[in-house]
């Protein structure tokens with residue numbers, strides 16, 4: 001009888017550490033006697049039956065590579081609602097015991113729905129936004145924080161040289177995890193996140209006070225989903241641009257010279273730092289453990305110092321917001 005196989009795909013936005021997870025899944029599965037099929041371009045590849053067999057050679061030397069060798073795309077959850085019958089036939093065709101879906105909030109929501117429809121699914125959380133419920137950290141988050149922190153460090157030196165307010169806008173969608181952690185690491189003078197509406201008057205008063213007490217520069221980190229007057233900002237139909245609006249407001253209300261940098265997709269590219277390589281590797285091994293143990297409908301999740309099995313249903317249709325206890329620590333150093 002043909003040996004059982006396992007499928008794997010990466011869905012949603014790219015992030016550092018995906019290849020490390022693919023490598024861990026593939027090599028662990030092969031050692032345990034499975035064949036491994038990688039679906040190209042995320043859930044689209046699954047629906048279109050576009051796949052390739054992965055082996056030791058194809059996944060050798062990729063632990064430090066950014067992006068994903070399988071490719072990835074986002075997909076409307078509604079487009080896969082009726083996929084289960086086709087999926088069952090594909091699973092039978094490939095003698096596939098389970099499919100590992102590596103994704104963020106939207107992709108894991110789809111994974112949960114596929115499991116509810118009867119397909120054997122296991123999840124791995126990845127997203128620089130770190131907004132997946134049920135896990136302390138997702139693959140890619142720490143590398144994005146490192147990149148944002150380095151950018152803030154560089155902006156501080158130019159802010160000080162020119163007596164300016166320098167703002168860095170970072171990703172995160174509707175949560176402020178990247179902004180909070182990078183701002184804490186940098187010692188930013190203000191951190192603006194979606195979880196706490198921006199009080200422009202208080203921000204301007206703080207900046208003026210800093211300049212009045214001899215601190216003639218300021219560094220502000222802004223999450224792309226930060227809200228002014230209860231409203232978020234969009235550019236080209238996507239979240240972003242709130243820091244440009246704030247730049248104009250600050251200059252108008254304070255007279256202080258302000259400059260904005262949008263970090264953008266730089267946060268999602270390039271080599272993963274060691275933490276994300278290790279996290280992705282442990283998640284990949286845990287995913288195979290879940291399959292061997294018949295724990296379908298679960299994802300590998302970091303809770304404290306242990307990687308545990310968490311039901312996909314816990315991560316579906318909900319966002320993990322910033323722990324305000326962490327934010328309050330950063331807040332001590334504002335101003």
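All of the numbers you see were taken from the coordinates with simple rules; none came from a lab. Quick caveat, the model's predicted, so the values are computed rather than measured. Virtual Cβ from ideal backbone geometry, glycine too; neighbours counted across all protein chains shown.
Distance from the Cα centroid of segment 202-238 to that of segment 281-335 is 30 Å (rounded to whole angstrom).
For the peptides 115-122, 233-240, residues were scored by their other Cβ atoms within 10 Å and the scores averaged per peptide; the highest-first order is 115-122, 233-240. Where does helix 18-31 land angle-wise versus the long Cα axis of the chain, in degrees 0 to 90, nearest 10? Taking Cα atoms only, the helix is inclined about 20 degrees.
For 59, 282, 213, 143, the sequence from fewest to most other C-beta atoms within 10 Å is 213, 282, 59, 143.
Expressed as a rounded percentage, what relative contact order does segment 1-148 have, with Cα pairs under 8 Å and six or more residues apart? Walk me through the intermediate numbers first.
Details: 293 pairs, mean separation 41.9, N = 148.
Normalised by residue count, the contact order of segment 1-148 is 28 percent.
Let a ≥ b ≥ c be the square roots of the eigenvalues of the Cα gyration tensor of segment 136-200; is it rounded (a/c under 1.5), or, if not, prolate (a/b larger than b/c) or oblate? Here segment 136-200 falls in the oblate category. Each of 124, 139 was scored by other Cβ atoms within 10 Å of its Cβ. Arranged with the fewest first, they read 124, 139.
What is the gain in length, in nm to one decimal, between residue 162 and residue 266 on full extension, counting 0.36 nm per residue of separation less the C-alpha to C-alpha distance?
Details: separation 104, 0.36 × 104 = 37.44 nm, distance 2.50 nm.
Extra length from residue 162 to residue 266 when fully extended: 34.9 nm.
Label-to-label distance, residue 274 versus residue 32, with points set 7 angstrom from Cα along the beta-carbon direction: 2.8 nm.
Quick one: length gained pulling residue 4 to residue 92 fully straight, 0.36 nm per residue minus the C-alpha distance? Each step should come with its number before you reach the end.
On the way: separation 88, 0.36 × 88 = 31.68 nm, distance 1.01 nm.
That works out to 30.7 nm of additional length.
From Cα pairs below 8 angstrom and at least 6 apart in sequence, can you work out the relative contact order of segment 214-335, rounded to a whole percent?
Numbers: 72 pairs, mean separation 12.1, N = 122.
Computed value for segment 214-335: 10 percent relative contact order.
If you take log10 I(q)/I(0) by the Debye sum over Cα atoms at q = 0.07, 0.12, 0.15 Å⁻¹ from the coordinates, which of (i) -0.29, -0.85, -1.30; (ii) -0.32, -0.80, -1.10; (iii) -0.36, -0.93, -1.23 do you get? Read-out taken from this structure: (ii). Using only the alpha-carbon atoms, how far is helix 105-116 inclined from the longest principal axis of the chain? Give it as 0 to 90 degrees, nearest 10. Between the helix axis and the principal axis of the chain, the angle is about 30 degrees.
What ranking, highest mean first, results for peptides 60-73, 176-189 when packing means the other Cβ atoms within 10 Å averaged over each residue? Spell out each step's value before the answer.
Numbers: 60-73: 17.4, 176-189: 25.6.
The peptides rank, most packed first, as 176-189, 60-73.
Projection of the Cα convex hull of segment 141-269, averaged over all directions and equal to a quarter of that hull's surface, yields 7.1 nm². Label sites at residue 248 and residue 57, each approximated as a point 7 angstrom past Cα along Cα to Cβ, lie 5.8 nm apart.
Computed from the C-beta positions of residue 81 and residue 199, the FRET efficiency with R₀ = 35 Å rounds to 0.25.
When only C-alpha pairs under 8 Å and at least 6 residues apart count, what is the relative contact order of the chain, in percent?
Working: 782 pairs, mean separation 76.6, N = 335.
Relative CO of the chain lands at 23 percent.
Ordered by the count of other Cβ atoms within 10 Å of each Cβ, fewest first, 220, 198 give 198, 220.
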